[in-house]
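Reading through the structure tokens given below for one structure.
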Amino acid sequence: MSDNMRYPFLDLRDVTRPDRDAIVEAMTRVVDSGRYIGGEENVAFESELAAATGVNHAVGTANGLDALRLIFRAAIELGRLSVGDEVIVPANTYIASVLAVTDNALTPVFVEPDERTMNLDWSRVEEALTPRTRAVLTVHLYGRASWDDSVVGRLRQLEIMIVEDNAQAIGARLVDGRTTGSLGDAAAFSFYPTKNIGAIGDAGAVTTNDKALADAVRAIANYGSDRRYHNIYCGLNSRLDPLQAAILRIKLRGLEQECSRRRELARTYSTHINRPEVLLPDDALTAAVWHQYVIRVDRRDDFRRALAAEGVGTDIHYAVPPYRQPCYRCYSSLVLPVTDSLADTVVSLPVSPSTSVSDVEAISEIINRISY
Ligand SMILES: *Cc1c(COP(=O)(O)O)cnc(C)c1O
């Protein structure tokens, strides 16, 4: 899709280019260190991520899905959740959020998103509660914080666990300045290469202020071992690769710059696209970090074709919601019209490192004039 486009949606070589030499140097350092599992790079990255997030603990993991799986698994091991408990999830999330729930034999309860924020509709959370609801997984989709202090306050009174899927929102804040990844009981990060802070491969992390949870996540991710050859859980192997840790330390230093770059692009789209039938994302001027800039259009295929003909690459996040995936056919009879309507109309526009403000002005102008 990005080949031959004047305005490619995303080319990962553009992501790496500014840091290439530092990345190669960091990789060489790890190669020469002889320390290929864990070690100094991991310790340093974890403390830098904890500091950037404003929490006491960060634990590197092999990827973002495992970060989520490990949070739920740790909560089960600590006796805070039990198999079969219900976990509220936004129905329009990426499938990894739901896989983390079902992989732990927990029951996902899909709640509709808010059409305006495209994030969990918090006003529907209370009607979805049952005596079996033990957790809410809030997903900061597209880089926009999804949080509601008054609903969360009531959930806390019911001792319901709040987990954040922060895969798309590193660096995002609430308007009062609190950062995503520090809001709930624990948060999962992904450093998949296309994310705002991306590794050169798979990587993830868990953040939390809860030491017991952090210790359990770390042990479960390392064969369930709390010290050498002593296994307190039937664990798995999902450790952060020190090569990725070394690379992520470099990327993390550029976090604020990357957030402001994306904000500027988003602001430019929001002020330049002026076609009534194109719905713009809400919140263009707040503290979102714009992992995706998502507009909504009818006749989406025609719209994308017309843009592609003008050299503009686009993508869809996501065309098929989890409850309509073949693996979740047990949920296919649910009625989720807002989720379906978003899935049918969303289009992501380029906000890649090679996308300049003048590119965004040109793309906006193309959107304003094309017929489709
Ligand atoms: C990318 C992503 C994940 C999974 O992260 P991986 O590192 O690819 O395993 C989970 N949730 C959301 C919302 C994501 O975008």
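The values are calculated or read from the model by the stated rules, or taken from the named source; none is laboratory data. A quick note: this is a predicted structure, and the numbers were derived from the prediction, not measured. Positions of Cβ are backbone-derived with ideal geometry, glycine not excepted, and every protein chain shown enters the neighbour counts. Heads up: the accessible areas ignore ligands, DNA and RNA and are worked out on the full protein's heavy atoms, side chains in. Shrake-Rupley method; radii C 1.70, N 1.55, O 1.52, S 1.80 Å.
Annotations
- Taking first residues from the range 50-64 that are modelled with pLDDT of 95 or more and partners that are β-branched (V, I, T) and in a loop (DSSP other than H, G, I, E, B), the Cβ contacts under 9 Å between residues at least 6 apart in sequence or on separate chains come to A52/I170; T53/I170; T53/T180.
- Close pairs (6 angstrom Cβ cut-off, 6 or more residues apart or separate chains): free of Cβ contacts under 8 Å to residues at least 40 places away in the same chain and within 28 Å of I295 (Cβ to Cβ) in the range 119-143, more than 16 Å from the ligand (Cβ to nearest atom) and of a type outside the set (K, R) anywhere: W122/D148; W122/V151; R124/E112; V125/V151
- Pairs linking a residue in the range 224-251 that is closer than 17 Å to D66 by Cβ to a residue that is charged (D, E, K, R) and open to solvent by 50 Å² or more (accessible area, probe 1.4 Å), with Cβ atoms under 6 Å and 6 or more positions apart or on different chains, are Y233/E77.
- Selection of the range 125-157 for residues being open to solvent by less than 20 Å² (accessible area, probe 1.4 Å), within 24 Å of G84 (Cα to Cα) and among the hydroxyl-bearing types (S, T, Y) yields T133, T138.
- Residue list for the range 81-124, restricted to those being more than 16 Å from the ligand (Cβ to nearest atom), assigned to a helix (DSSP H, G or I) and surrounded by 19 or more Cβ atoms within 10 Å (Cβ to Cβ): W122
- When L68, L10 are screened for being open to solvent by 20 Å² or more (accessible area, probe 1.4 Å), hydrophobic (A, V, I, L, M, F, W, C) and touching a residue at least 12 places away in the same chain (Cβ under 8 Å), only L10 passes.
- Selection from the range 64-79 of residues that are under 18 Å from the mean Cα position of the chain (by Cα) and assigned to a loop (DSSP other than H, G, I, E, B): none
- Here the range 48-64 is the region considered, the condition is being under 19 Å from A219 (Cβ atoms) and either aromatic (F, W, Y) or away from the ligand (no atom under 16 Å from the Cβ) (or both), and the residue that is most open to solvent (accessible area, probe 1.4 Å) is N56.
- Candidates in the range 338-372 are the residues that are over 23 Å from the mean Cα position of the chain (by Cα) and free of Cβ contacts under 8 Å to residues at least 24 places away in the same chain; of these, the one that is most open to solvent (accessible area, probe 1.4 Å) is R369.
- Residue that is nearest to the ligand (Cβ to nearest atom) [pool: residues in the range 175-226 that are in a strand (DSSP E or B) and open to solvent by 10 Å² or more (accessible area, probe 1.4 Å)]: S190
- Restricting attention to the range 158-174, the residues that are free of Cβ contacts under 8 Å to residues at least 40 places away in the same chain, away from the ligand (no atom under 12 Å from the Cβ) and either of a type in the set (K, R) or buried (at least 20 other Cβ atoms within 10 Å of the Cβ) (or both) add up to 1.
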